[in-house]
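Laboratory data are not the source of any read-out in this text; all were calculated from the coordinates shown. Keep in mind that what you see is a predicted model, and the values were worked out from it rather than measured. Virtual Cβ from ideal backbone geometry, glycine too; neighbours counted across all protein chains shown.
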Amino acid sequence: MPAEIKLVHLNLQAESLVLGDRIKRQTFRPCIDTLPSSTVAGALAEYSGGRTILGIGFLRQGSYSRALFVHSPRSQLTGVSVLPLTVECLIPRHGARFIEGDIYLLHSSDAAALVPHLPLTIHMGALRYKGFGRCTLTLNQLTRCAPGRPSNPTIPFVRGFFRGRIREPELAAFGITVVSPRYGYLAEPDPNNPRKVRYRRAIMEGSLVEAPQVFVSEEYRYD
Amino acid sequence: MSDKPYIAEFHDLAKLLDKDALGTLGIKVRGQRFDEIDYGALSLSKPSCPSWYAPYCEDLKSLDSKVARDCGKWAADVFLTRIADRLAASFRLAEFEEPLDKRTRTIAGWRKIWKDQVESPEWQVRLISSKEAFSSLLGFWDRCANPDDVSDYLKRPLSAIPEDKAPPYNITSLYSHLRLVGMIYRVLRSAVKTLPAGLSLGGEDVSQATQAMGGRVDESVRGNWIGTLTLVDVGIRQHLSRLRDLNVFVKREHVMRQIEATFPDHVLYRTPESLLLFTVLGGGVEPSNLTAPLLQEGFPLDVQHLEAELGLLVSDFERQWLKFRASKGVASRHLFLRQRPLNEAAQDVFHGKICEVCQMAPSLPQPWLKDQIEEWLCEGCTGIRQLHEPAIDISDWQGATLWVKVSLDRRHLTLQLPSLFEYYVKESLPGVNPDEAHRFVEAFRPLAAETDFIRDYQAFVQEFQSQLCAQLKGLPTETAIPWSYVLRGYPELTVLPIVSNREFLIACETFIRNLHTFFPRCCGDSPITLALSLSPGKYPYQEHWRFLTRKPDPKRPISIQRAFDFDIALSSPQFRALRDFLDNASPPTSASLHHLAALEGDLDSPTAILFEAFKNQRMRPALRPLLFQHGVSIETILGFYKLTVWQEVSRAG
């Protein structure tokens with residue numbers, strides 16, 4: 001467990017999001033409700049011209065509901081629609097204007113360089129060409145995470161069930177120690193061919209971890 | 001004698017006897033032992049098998065004792081039977097000073113605490129009361145060579161007679177008790193080493209039962225032998241994108257059955273979605289040995305694991321853990337509760353495509369091709385799709401379908417069993433004061449009752465599925481369903497075609513009727529739930545699954561979803577009230593309900609909705625009980641109403 005971690009806590013507001021689960025070629029594409037580190041890093045890299053800014057995000061419960069969007073992509077060759085596809089998307093809860101969330105960036109020179117530009121607009125997730133994924137980021141606070149249970153504004157480390165998705169090599173930087181993993185895979189750029197992706201083992205929701213409290217959905221009660 | 005096996009199940013054989021009736025015939029049985037009978041004078045043949053000593057377990061507390069010497073080379077087996085008997089017992093009486101003298105109370109047959117009456121009113125007829133029957137029992141005892149034969153040969157009496165006949169202790173069948181004792185004994189027997197002066201497990205030598213098991217939860221006497229109970233919830237990683245992916249349930253059942261066949265005594269029970277495992281520390285078999293085949297096949301597990309001195313090992317983990325943490329002297333004792341998600345992912349990184357179904361492995365070089373759609377699947381998911389073609393009926397059906405799933409929330413069950421028992425204590429001992437009732441509950445160990453409940457649940461699920469399918473197929477021709485889809489080994493899931501829109505009503509009614517039959521005392525707060533998902537035939541299967549496996553509210557055990565529209569949750573009384581409401585000769589019109597539901601969404605104020613609803617004179621009398629007595633929301637009424645639109649059509653006709 002590292003001595004201390006500095007995080008940049010951003011507020012996220014989005015009108016609609018398509019955070020597709022990685023199921024392709026299907027006529028239905030479900031939507032997840034967390035912001036994986038790959039999605040956050042990809043969106044910020046796009047905004048900042050390829051800089052590597054590590055981040056992970058979570059949507060605030062109750063700020064969104066699910067809806068279905070049906071569209072029919074056309075074949076680039078023939079211009080003919082093949083199959084209507086149903087995509088699940090997130091929209092603001094009834095009566096609300098935005099989906100709300102929190103993004104935690106690992107403090108670095110690149111992340112610090114981003115702060116003066118706040119509030120800023122990035123695009124995240126899928127179907128951006130249909131208008132989905134436009135997000136506004138504002139600064140919430142610069143915060144520190146430290147072991148034990150110190151007083152505010154420092155975030156304590158706790159043992160509990162992880163509520164996000166993060167690639168394994170990024171765990172240490174965020175001070176996350178895995179006790180018992182629930183594995184999955186997230187995409188990352190292939191260093192040998194930036195036009196391609198490869199899949200990196202990741203820690204998914206429900207993994208038992210020791211981590212800053214904000215990354216945990218439910219604290220572990222047992223031994 | 002030595003060529004026959006020792007069978008621990010015989011330790012409680014005397015509980016099958018009508019001792020008073022046999023006593024009048026000169027057959028005297030003291031406690032559980034049969035050694036005071038004058039076999040020669042009665043022309044009975046005394047069994048000469050090793051199991052003859054099993055009833056001595058009641059008296060064998062130490063391997064140094066005279067009783068142990070009487071048992072000779074079988075003393076270790078009898079000693080382990082004693083420990084197994086304590087572990088499987090529904091009460092730890094040593095922890096508990098009985099408030100009333102048990103001997104002065106009446107006796108009764110086996111009473112399930114989730115039911116309203118004893119299981120078999122003529123249970124006393126099953127007791128052995130004649131010399132011929134007694135002689136036959138001795139003969140069986142002598143020649144029995146297989147533990148399974150005990151439960152087969154004596155199944156009827158064992159299923160009617162309780163482990164303890166004095167209410168409120170009569171809540172476990174002798175069948176379940178003997179079975180559990182046999183399994184636990186065999187796990188211990190295979191794990192311990194026999195020493196000249198005792199037994200050893202995991203390097204801990206003991207010669208006294210208390211040395212092995214330890215004292216009460218609030219005492220400092222430590223038990224040297226450590227056991228584990230592990231509850232394994234077996235999930236699936238696959239997204240059900242095609243009907244062939246349903247084969248994953250067949251595969252899961254197959255793997256779980258294999259585990260049970262390989263470790264028949266370690267698997268205390270199995271439901272279609274979970275396993276309860278018993279192992280001992282240092283015994284050579286770890287819980288990970290049992291879960292390994294599931295992980296290798298890619299099933300994600302949620303494991304709760306209680307590791308404790310044998311005397312502290314109970315199946316309601318959480319309650320015991322809290323009690324242990326609250327007690328003094330914790331530092332010297334051994335009890336740990338752990339909860340872990342488990343799954344496997346072999347590779348750190350890979351290139352190319354990821355399997356689109358499980359998303360846990362690289363796909364094969366060739367895609368799975370169907371209907372001109374390419375899917376990139378890993379080897380495991382391809383294998384699952386190739387198991388067999390499971391669902392032609394569903395895929396050929398052009399109309400709507402109803403997906404039906406029954407679930408058991410085992411964690412809720414372990415919380416509920418003590419409450420059900422407390423209710424029964426108060427019922428069977430009307431004069432008992434709350435403190436005494438609480439002490440009964442504190443001494444309650446739910447493992448045996450839980451295994452009885454699980455057996456009832458398995459029967460319930462089978463009965464529900466067969467009744468539902470038979471009823472819908474037996475309707476008049478125009479409303480009868482042409483097919484039903486069930487998976488072998490997984491009766492919790494059924495898929496039906498929607499022909500008349502009445503299928504959901506019949507499913508709910510069948511569920512409620514069976515719940516009342518099997519678990520009448522769980523109707524208000526049910527660990528068993530029903531989820532129904534109605535949709536067009538091509539609705540994504542994964543979305544059905546997501547709804548069907550959503551954590552339900554035990555107070556409202558019926559959940560109904562109509563795809564792209566609404567989902568509602570109902571209790572049994574709410575369902576009945578809604579059905580009666582819409583059976584009414586002058587039900588509300590669809591328009592007025594839609595109007596109210598829209599207002600409910602906009603205003604978010606129950607009071608405003610009530611005023612609006614009560615403006616409508618026709619709806620007022622019908623809505624009042626639904627809203628006030630049963631607490632049903634307008635949106636739920638509208639959802640239910642939409643599902644019964646056929647009634648409106650038939651009324652109009």
What stretch of chain B, leaving out the sites themselves, is the longest with no GluC sites (Glu not before Pro) in a DSSP loop having at most 10 other Cβ atoms within 10 Å?
B:123-477
Among B:V125, A:V216, rank each residue by its count of other Cβ atoms within 10 Å, from fewest to most, as a rough exposure measure.
B:V125, A:V216
Computed magnitude of the charge dipole of chain B (debye, nearest 20; Cβ of K, R +1, Cβ of D, E -1)
640 debye
Hey, for a label at A:V80 modelled as a point 7 Å past Cα toward Cβ, could you say which residues of region B:328-372 have their backbone N under 19 Å away?
B:370-372
When N counts the residues of region B:222-342, how does its alpha-carbon radius of gyration compare numerically with 2.2 N^0.38 Å, as a ratio?
1.19
Here the whole-number average of other chain Cβ atoms within 10 Å per Cβ of A:182-190 is 5
Translational diffusion of chain B, µm² s⁻¹ [Kirkwood Rh, Cα pairs; Stokes-Einstein; 20 °C; 1.002 mPa s]:
77 µm²/s
Could you name the aspartates and glutamates in cross-link range of A:K6, using Cα to Cα under 17 Å and dropping any fewer than eight places away on the same chain?
A:D102, A:D110, A:E170, A:E210
Find which of A:L114, A:Y104, A:I91 sits farthest along the positive direction of the dipole of region A:69-164, computed with +1 on the beta-carbon of Lys and Arg, -1 on that of Asp and Glu, about the Cα centre.
A:I91
Peptide B:312-320 - average C-beta neighbours from other chains (10 Å radius):
0
Suppose we keep just the alpha-carbon trace of region B:162-303; what are its Rg and Dmax in angstrom?
18.7, 62
Output needed: Cys residues of chain B lacking any neighbouring Cys C-beta below 4.7 Å, sorted by number.
B:C49, B:C57, B:C71, B:C144, B:C358, B:C381, B:C469, B:C508, B:C522, B:C523
Go through B:L199, B:P168, B:A68 and say which Cα lies farthest out towards the positive end of the charge dipole of region B:8-206; charges sit on Cβ, +1 for Lys and Arg, -1 for Asp and Glu.
B:P168
So how do B:W114, B:W368 line up by other beta-carbon neighbours within 10 Å, fewest first?
B:W368, B:W114
Separation in nanometres of the label points that stand 7 Å from Cα toward Cβ, at A:T138 and B:S332:
6.1 nm
Hey, which aspartates and glutamates would be in cross-link range of B:K473, C-alpha to C-alpha under 17 Å, not counting anything within fewer than 8 residues on its own chain?
B:D393, B:E463, B:E503, B:E509
Roughly how many whole Å is it from the C-alpha centroid of region A:80-95 to that of region B:476-501?
30 Å
For region A:132-194 and region B:281-323, write down the distance between their C-alpha centroids in whole Å.
30 Å
With r as the distance between the Cβ atoms of B:R550 and B:Q629 and R0 = 35 Å, compute the FRET efficiency 1/(1 + (r/R0)^6) and round to 0.05.
0.80
Sorted by Cβ density within 10 Å, fewest first, the residues B:T172, B:T106, B:T401
B:T106, B:T401, B:T172
In degrees, nearest 10, the alpha-carbon axis of helix A:37-47 is tilted away from the dominant principal axis of the alpha carbons of chain A by 70 degrees
Once both labels are modelled 7 Å past Cα along the beta-carbon direction, what's the A:R66-B:A480 spacing in nm?
3.7 nm
